[in-house]
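What follows is a single structure, written as structure tokens, with notes after it.
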Amino acid sequence: MTMLMTMERKEWQRRLGEIVHGRIAFDEPLAAYTTLRVGGPADAIVFPESIEEIRGVVRMTRAQSLPLLVLGGGSDVVVRDGGFRGVVLRMGRNFAGSRVIAGDRIEARAGESFPSLLRTARTGSLAGLEFLATVPGCVGGGVATNVGAYGQWFADVLVSYTLLDRDARETNVPRDQMEFGYRYARLPEGSVITGAVFQLTMKPRDEIEETVRNYAQSRRDSQPLRASSAGCIFKNPDNAKQAGYLIDKAGLKGMAVGGAAISEQHGNFLINRGGATANDVLTLLAEVRKIVKKRYDVELEPEVRILGEDE
Ligand SMILES: Cc1cc2nc3c(=O)[nH]c(=O)nc-3n(C[C@H](O)[C@H](O)[C@H](O)COP(=O)(O)OP(=O)(O)OC[C@H]3O[C@@H](n4cnc5c(N)ncnc54)[C@H](O)[C@@H]3O)c2cc1C
């Protein structure tokens, strides 16, 4: 039975409708909102367009003890087949936008996609975000996961970010109060990132374009960018070879469970070949972990966040 039970459903629908002027959907599969294309339905998914709407959703879910899940591009998550009992706050195109401020900074809303953020930087001849070339996701998700590639991270270029805490208070977090790690940011429990400011460096535009082209080409050569995936599925372990190398060495490229398979092109990419369930994905993930542990005594930790409930 869903948390928004039949009797209460109309009441919740009405309340959310009063708070959020953007789209609201009930019982919609979250597969449509993740790049891996798996995941069962959310009781409710809302697409707020203003900070007031986000604040209203945070307040309402808090007051009603409803679980709240924030999703950006859905490119670093595996949502289980049972979906999510509670309200999903989608911070994508509905809450996007970025602009150059003070000559060499960019201010972005949390739902701004990486391609769009990078476009603002390129157009303004601002260097520092080229590593985002071909990486999917949004600014809020990028802060929450400290997105990085080629030895560069969001943490290197962030000046500040803003968030709403679980009491819906807006806080600006300056650089000296940020805490980041590998694919990790320490955030107050239940907080919603609403925007960020990046410090970049003025550079000739053609140099920026060349770096973007090189990164994009190197990714196209090594990663299955056309397949549905969540990027690298495991973190690279400390004091051991890269996860993709170990998986390849163990002969696991091409291994499949249902519609989920380890990419033939890149051992650390788990792809949805079509029709995969979250159960297929998680079974394959567990199997790979078991084999790598047995062969190399290395515990691979998922890089993706596994969310929601079993069916
Ligand atoms: C083809 C491909 C290539 C990739 N390459 C890379 C790479 O090179 N480097 C890398 O680091 N990652 C990579 N990734 C993973 C992914 O792109 C990043 O982790 C990205 O930062 C996730 O952003 P998102 O908006 O999609 O987050 P989501 O997947 O939507 O969410 C990720 C986490 O952040 C939280 N979150 C999202 N938005 C907010 C918000 N506004 N406030 C609070 N919490 C929030 C979510 O609750 C969740 O826990 C790749 C993924 C794919 C599919």
* To do: Please indicate, with yes or no, whether at least one residue in segment 213-220 is more than 7 Å from the ligand (Cβ to nearest atom), among the small types (Gly, Ala, Ser) and not in a strand (DSSP E or B).
  => yes
* Asked: How about segment 33-73: which of its residues are within 13 Å of the ligand (Cβ to nearest atom) and either assigned by TED's automatic domain parsing to the domain that holds Pro136 or assigned to a helix (DSSP H, G or I) (or both)?
  -> Tyr33, Ile51, Ile54, Val57, Val58
* To do: Check every one of the strands (runs of 3 or more DSSP E) wholly within segment 245-311 and list those with 3 or more residues that are in contact with a His (Cβ under 7 Å, 6 or more places away or on another chain) and surrounded by fewer than 17 Cβ atoms within 10 Å (Cβ to Cβ).
  => none
* Structure fact -> Of the listed residues (Ala227, Ala278, Ala286), the one being farther than 30 Å from Arg109 by Cβ and either modelled with pLDDT of 95 or more or assigned by TED's automatic domain parsing to the domain that holds Gly40 (or both) is Ala286
* Filtered residue count, segment 74-99, keeping only those that are part of a loop (DSSP other than H, G, I, E, B), under 16 Å from Ala144 (Cα atoms) and out of contact with any helix residue (DSSP H, G or I) (no Cβ under 6 Å at 6 or more places or on another chain) -> 2
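Determine which member of the set Ser50, Ser98, Ser113, Ser65 is hydroxyl-bearing (Ser, Thr, Tyr) and in contact with a Leu (Cβ under 8 Å, 6 or more places away or on another chain). It would help to see each step written out before you state the result.
Numbers: Ser50 fails: in contact with a Leu (Cβ under 8 Å, 6 or more places away or on another chain); Ser113 fails: in contact with a Leu (Cβ under 8 Å, 6 or more places away or on another chain); Ser65 fails: in contact with a Leu (Cβ under 8 Å, 6 or more places away or on another chain).
On inspection, the qualifying residue turns out to be Ser98.
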* Top-ranked residue in segment 155-179 [being part of a loop (DSSP other than H, G, I, E, B) and basic (Lys, Arg); ranked as modelled with the highest pLDDT] -> Arg169
* Subset of segment 228-244 that is surrounded by 19 or more Cβ atoms within 10 Å (Cβ to Cβ) and aliphatic (A, V, I, L, M) - its residue that is farthest from the ligand (Cβ to nearest atom) -> Ala243
* **Pairs, first within 21 Å of Pro224 (Cβ to Cβ) and outside any loop (DSSP other than H, G, I, E, B) in segment 127-154, second more than 6 Å from the ligand (Cβ to nearest atom) and hydrophobic (A, V, I, L, M, F, W, C), C-beta under 6 Å, six or more apart** => Leu132/Phe114; Leu132/Leu118; Ala149/Phe131
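Which is more than 22 Å from Tyr182 (Cα to Cα), over 17 Å from the mean Cα position of the chain (by Cα) and aliphatic (A, V, I, L, M), of Ala121, Ala108, Ala96?
Values: Ala108 fails: over 17 Å from the mean Cα position of the chain (by Cα); Ala96 fails: over 17 Å from the mean Cα position of the chain (by Cα).
The conditions single out Ala121.
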* Check Ile106 against each of (1) more than 13 Å from the ligand (Cβ to nearest atom); (2) not assigned by TED's automatic domain parsing to the domain that holds Val147 and name the one condition it does not meet. => (2)
* **Breaking point among (1) within 13 Å of Gly308 (Cα to Cα); (2) part of a strand (DSSP E or B), for Ala25** => (1)
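Among the residues of segment 114-126, how many are out of contact with any strand residue (DSSP E or B) (no Cβ under 9 Å at 6 or more places or on another chain) and either surrounded by fewer than 20 Cβ atoms within 10 Å (Cβ to Cβ) or outside any helix (DSSP H, G or I) (or both)? If you could, list the steps in order and put the result at the bottom.
Initial filter on segment 114-126 (out of contact with any strand residue (DSSP E or B) (no Cβ under 9 Å at 6 or more places or on another chain)): 115, 118, 122.
Now narrow it down to the ones that are either surrounded by fewer than 20 Cβ atoms within 10 Å (Cβ to Cβ) or outside any helix (DSSP H, G or I) (or both): 115, 122.
Residues meeting the conditions: 2.
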* Failed item, numbered, when Ala168 is tested on (1) in contact (Cβ under 8 Å) with a residue 60 or more places away in the chain; (2) more than 13 Å from the ligand (Cβ to nearest atom); (3) within 15 Å of Leu129 (Cα to Cα) -> (3)
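The values are calculated or read from the model by the stated rules, or taken from the named source; none is laboratory data. As the structure is a computational prediction, the values presented were derived from the model and not from experiment. Reconstructed Cβ throughout: ideal geometry from the backbone, glycine too, with neighbour counts over all protein chains shown.
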